[in-house]
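Step one of this worksheet: look at the structure below.
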Amino acid sequence: MAIYLKRGATAQAKADADRKVRDIVEAALADIEARGDVAVREMSNKFDGWDREDYRLSQAEIDACVESLAPQERKDIEFAQAQVRNFAQIQRDSMKDVEVETLPGVVLGHKNLPLNSAGCYVPGGKYPLLASAHMSVITAKVAGVKRVITCAPPFQGKPARAIVAAQAMAGADAIYALGGIQAVGAMALGTGTIDPVDILVGPGNAFVAEAKRQLYGRVGIDLFAGPTETLVIADEIGCDGEMAATDLLGQAEHGPDSPAVLITNSEKLARETMQWVERLLEILPTADYARKAWETFGEVIVCESYEEMVRVADEIASEHVQVMTADPDYFLDNMTNYGALFLGNRTNVSFGDKVIGTNHTLPTKKAARYTGGLWVGKFIKTCTYQRVTTDEASALIGEYCSRLCALEGFAGHGEQANIRVRRFGGRNVPYAGQAEPTPETAA
């Protein structure tokens, strides 16, 4: 039976916090829909202290951000973007259009069609998370999306130069210096200066995640990507306390609402990790954020076996799962609920967040039970079509369809089938609902 050496916030506390966020977001989105750019400007002033006549950056501003990069900075961004583009292209190449004759004269198929527009949100309030530009813009472009716009909040009172440069290098068609609810609402609902998009993608804080949730249906979304979550699964062979603590705090620094959880089959490792967490919090430059996250949402769970570790991990359904055990592949083979797995102590969540090539926009708040992360397929609609090429096939399918429609009581549906049986099969079937054919249908 799993033993909790440390527990995070209660479900009720989390629900109360979610309720407050929900109410704020609902009012903000209604205001944006009613007043458009005026509401967006007021929110940008209120939440970011940021005002300008046009939040879309000019080409000169974009060029200045790109040119401000040091040569090594530019090379590093280009390397990361090459990895993301390469893996996205491999994913796209795996998606095939199909067309097959399922019965003589019956042809079915599907086409993979890119969306026409996408809005990409890039977080940047506390940290300029330029990696989110690679993950969203490049993936959309590889999918074939025609219009890709981006929003990122200002950083220290001006457009975040590294984010802007990354957005431009990734191929964004328009770049806006906007953050938070106002950015997501503007992209989804449209304003006088921003045309609405078909899908919203990208991670964000609780307000951004809730805004996407409320807008779903008006537009598509990638997934519910709220505050970062990390889960470390470790044993004494694959990990030690210092490494486990480092990897927990490496994600907890995202913010005070970021869960960091350790699952292990060793109480000794669990207690060593907790001791190392306290040591590292004394020297970590971002300890103010990480400590709040650890104290409020950190958990340490000791299990009896790998099997129990898998069961508990699947219940948590964490966004990031680092597996540092003697047999990492056991968890690859048996776990079912996770955003992304990082197998072995040679890799870590930071690699995935920044550079290795997989996408870092991943499901949170147990959404990993039913969805994976952002990938090229999120920007593509798989749309079916059918073609019937012979009279015989039309009449054959029509006879089955007619009888099935009668079972359901759909007379109009049934007549769609009957008219084709009469026209292409030469059979004198009555109109739906009539026992015998009328003179008009007897011909």
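The values are calculated or read from the model by the stated rules, or taken from the named source; none is laboratory data. Computed from a prediction, not measured in an experiment: that's the story for all the values here. Note: ideal-geometry Cβ built from the backbone for every residue, glycine included; neighbour counts use all protein chains shown. Side chains are part of the model used for accessible areas, which takes the heavy atoms of the whole protein and leaves out ligands, DNA and RNA. Shrake-Rupley method; radii C 1.70, N 1.55, O 1.52, S 1.80 Å.
So is Ala417 in contact (Cβ under 8 Å) with a residue 40 or more places away in the chain, part of a helix (DSSP H, G or I) and small (Gly, Ala, Ser) or not? Step through it out loud before you land on a result.
On the way: in contact (Cβ under 8 Å) with a residue 40 or more places away in the chain: no; part of a helix (DSSP H, G or I): yes; small (Gly, Ala, Ser): yes.
So Ala417 does not fit the description; no.
Going by the conditions given, is Thr371 touching a strand residue (DSSP E or B) at 6+ places or on another chain (Cβ under 8 Å), closer than 20 Å to Arg92 by Cβ and either of a type in the set (Ser, Thr, Tyr) or at pLDDT 95 or above (or both)? Walk me through how you get there before you give the answer.
On the way: touching a strand residue (DSSP E or B) at 6+ places or on another chain (Cβ under 8 Å): no; closer than 20 Å to Arg92 by Cβ: yes; either of a type in the set (Ser, Thr, Tyr) or at pLDDT 95 or above (or both): yes.
The answer is no for Thr371.
Which of the following residues is among the hydrophobic types (A, V, I, L, M, F, W, C) and at positive phi: Ala340, Ala317, Ala368? Lay out the reasoning, then the answer.
Values: Ala340 fails: at positive phi; Ala368 fails: at positive phi.
Among Ala340, Ala317, Ala368, only Ala317 is among the hydrophobic types (A, V, I, L, M, F, W, C) and at positive phi.
Going through region 209-256 one residue at a time, which ones are in a strand (DSSP E or B) and in contact with a Ser or Thr (Cβ under 6 Å, 6 or more places away or on another chain)? Show your work before the answer.
Initially, region 209-256 is screened for residues in a strand (DSSP E or B), giving 216, 219-221, 230-234.
Listed by number, the residues that qualify are Leu231, Ala234.
Do you know which residues across region 180-208 are of a type in the set (S, T, N, Q) and assigned to a loop (DSSP other than H, G, I, E, B)?
Initially, region 180-208 is screened for residues of a type in the set (S, T, N, Q), giving 182, 191, 193, 205.
Hits for region 180-208 are Thr191, Thr193, Asn205.
Return the pair list, or none, for Cβ contacts closer than 7 Å from residues in region 314-336 that are in contact (Cβ under 8 Å) with a residue 40 or more places away in the chain to residues that are open to solvent by 70 Å² or more (accessible area, probe 1.4 Å) and among the charged types (D, E, K, R), at least 6 apart or on different chains.
Close Cβ pairs (under 7 Å, with a partner that is open to solvent by 70 Å² or more (accessible area, probe 1.4 Å) and among the charged types (D, E, K, R)) amount to Ala317/Lys366; Ala317/Arg369.
Only one of Asp198, Asp173 is under 23 Å from Leu29 (Cα atoms), open to solvent by 30 Å² or more (accessible area, probe 1.4 Å) and acidic (Asp, Glu); which? Even if it seems obvious, please write down each step before you answer.
Working: Asp173 fails: under 23 Å from Leu29 (Cα atoms).
Of Asp198, Asp173, the one residue that is under 23 Å from Leu29 (Cα atoms), open to solvent by 30 Å² or more (accessible area, probe 1.4 Å) and acidic (Asp, Glu) is Asp198.
Any chance you could count how many residues in region 344-367 are open to solvent by 60 Å² or more (accessible area, probe 1.4 Å) and either part of a loop (DSSP other than H, G, I, E, B) or free of Cβ contacts under 8 Å to residues at least 60 places away in the same chain (or both)?
Taking region 344-367 and keeping what is open to solvent by 60 Å² or more (accessible area, probe 1.4 Å), we get 345-346, 351, 354, 356, 365-366.
Now restrict to residues that are either part of a loop (DSSP other than H, G, I, E, B) or free of Cβ contacts under 8 Å to residues at least 60 places away in the same chain (or both): 345-346, 351, 356, 365-366.
Residues that pass the stated criteria total 6.
Have a look at Phe331, Phe297 and point out the one that is surrounded by 18 or more Cβ atoms within 10 Å (Cβ to Cβ) and modelled with pLDDT under 95.
Details: Phe331 fails: modelled with pLDDT under 95.
The conditions single out Phe297.
Tally time: how many residues in region 265-286 are out of contact with any strand residue (DSSP E or B) (no Cβ under 6 Å at 6 or more places or on another chain) and either part of a loop (DSSP other than H, G, I, E, B) or within 11 Å of Leu249 (Cβ to Cβ) (or both)?
13
Would you confirm, using the coordinates I've provided, whether Pro227 is under 30 Å from Val302 (Cα atoms), open to solvent by 10 Å² or more (accessible area, probe 1.4 Å) and not hydrophobic (A, V, I, L, M, F, W, C)?
Working: under 30 Å from Val302 (Cα atoms): yes; open to solvent by 10 Å² or more (accessible area, probe 1.4 Å): yes; not hydrophobic (A, V, I, L, M, F, W, C): yes.
Taking the combined requirement at face value, the residue satisfies it.
Can you pull out every residue in region 207-258 that is over 14 Å from the mean Cα position of the chain (by Cα), at pLDDT below 90 and either on the phi > 0 side of the Ramachandran plot or not acidic (Asp, Glu) (or both)?
His254, Gly255, Pro256
Of all the residues that make up region 136-168, how many are in a strand (DSSP E or B), open to solvent by less than 10 Å² (accessible area, probe 1.4 Å) and farther than 22 Å from Met43 by Cβ?
Of the residues in that region, 1 qualify.
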